[in-house]
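Okay, structure first, notes after.
The values are calculated or read from the model by the stated rules, or taken from the named source; none is laboratory data. Just so it is clear, the structure is predicted and the values come from calculations on it, not from any experiment. Accessible surface is based on the protein model in full, side chains and every heavy atom, while ligands, DNA and RNA are left aside. Shrake-Rupley method; radii C 1.70, N 1.55, O 1.52, S 1.80 Å.
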Amino acid sequence: LNKRSEIANKHHADLFISIHVNAERSGTKASGSETYVMGANKTAANMAVAQLENAVIIYEEDYSAKYEGFDPNSPESYIIFSLMQNVYLEQSLHFASFIQEELGNNPIKVNRGVKQDGFLVLWKTATPSVLVELGFMTNPTDRSIIANEKQQDKLALSILNAFTRYKNMCEKTGTFTYIG
């Protein structure tokens, strides 16, 4: 899990999408899709990780120019980082809501909504991020839909449609830029 966020961060991803299938230990009744964003309770922990990891850049030659004025010893730099995290959370929430709306056009009709949690792949990723649970493999109906190749294509298309809506919204508001 740690590698997934490392890859996204290393390549300066504009968006991170982690796709999963859910399970319930207690039985077969749970059904539906849900999309997670980073939990608000992890924002402070994410900040602490950033401070720890960023402290080493002072040993790099000309780090101030390389990191566009970011100073790991400056409280102002971390205030800006905190504001960025709030923007990531807001953007993640927008994208997650688009995903849930689009997934509602599929045979798995139960919409479990957008939720916040501290999943590692969301916590360690420095970009708008979502974790999508398409349905429950422990539910026979969800499982048969998810196992069907045509339904998989429909689920993938729903995520693509949500991405397109998100991208259009971000380009309209100037919050989405291509890096690379």
Too long for a 27 Å Cα-Cα cut-off, among Lys3/Lys167; Lys124/Lys154; Lys3/Lys109, are Lys124/Lys154; Lys3/Lys109
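Which whole-number percentage describes the relative contact order of region 96-180, with Cα contacts under 8 Å and a sequence gap of 6 or more? The partial results should precede the final answer.
Values: 54 pairs, mean separation 30.4, N = 85.
Normalised by residue count, the contact order of region 96-180 is 36 percent.
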Accessible-area order for His20, His11, His94, largest to smallest, probe 1.4 angstrom, reads His11, His94, His20
Straight-line reach check, Lys10, cutoff 19 Å on alpha carbons, 8 or more apart in-chain or any other chain, hits among aspartates and glutamates -> Glu53, Glu60, Glu68
